[in-house]
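The values are calculated or read from the model by the stated rules, or taken from the named source; none is laboratory data. Note that the structure is predicted; figures quoted are calculated from it, not measured. Please note: Cβ atoms are built from the backbone with ideal geometry, for glycine as well, and neighbour counts cover all protein chains shown.
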Amino acid sequence: MSIVSGSSTLTSTAYAPNPITVAVGGTVTWTNNDTTAHTATANSGAFSSGTIAPSGKFSMTFPSAGSFPYRCTLHPGMVGTVTVP
Ligand SMILES: [Cu+2]
């Protein structure tokens, strides 16, 4: 999935697609297509990308079902959800 260009000033459209659905055991890869650094950090603490530099990537595998809201710790307006049915 993409962290879109100009996402610093966006909210629920900063990550695309949002929400995203992935099967149990599936992997989501975030690619930072913006010109500034971002993170993908679960509100629950279940995962955290650390800083993703421009053009950088972060992958996370979801071993169990749940709903995982996350945000960018650098730009708190940026929010998304991974759904694992
Ligand atoms: Cu950000």
Of all residues in segment 30-48 being closer than 18 Å to Ser5 by Cα and of a type in the set (Gly, Ala, Ser), which is farthest from the ligand (Cβ to nearest atom)? Ala40
Do the conditions hold for Thr61, that is, is it in a strand (DSSP E or B) and modelled with pLDDT of 95 or more? yes
Is there any pair with a first residue in segment 30-45 that is outside any loop (DSSP other than H, G, I, E, B) and hydrophobic (A, V, I, L, M, F, W, C) and a second that is within 12 Å of the ligand (Cβ to nearest atom) and modelled with pLDDT of 95 or more whose Cβ atoms are under 8 Å apart and which are 6 or more apart or on different chains, and what are they? Trp30/Ile3; Trp30/Tyr15; Trp30/Ala40; Trp30/Ser49; Trp30/Ile52; Ala42/Tyr70
Pick from Pro69, Pro76, Pro54: which is within 16 Å of the ligand (Cβ to nearest atom) and modelled with pLDDT under 95? Pro76
Every listed condition ((1) surrounded by 12 or more Cβ atoms within 10 Å (Cβ to Cβ); (2) away from the ligand (no atom under 15 Å from the Cβ); (3) without any contact (Cβ under 8 Å) to a residue 60 or more places away in the chain; (4) assigned to a strand (DSSP E or B)) holds for Thr83 save (3)
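Kindly provide the set of residues from segment 6-29 that are within 12 Å of the ligand (Cβ to nearest atom), assigned to a loop (DSSP other than H, G, I, E, B) and either touching an Asp or Glu at 6+ places or on another chain (Cβ under 6 Å) or not polar (S, T, N, Q) (or both), ordered by number. Lay out the reasoning, then the answer.
Residues of segment 6-29 within 12 Å of the ligand (Cβ to nearest atom): 6-11, 14-15.
From what's left, assigned to a loop (DSSP other than H, G, I, E, B): 6, 10-11, 14.
Passing the criteria: Gly6, Leu10, Ala14.
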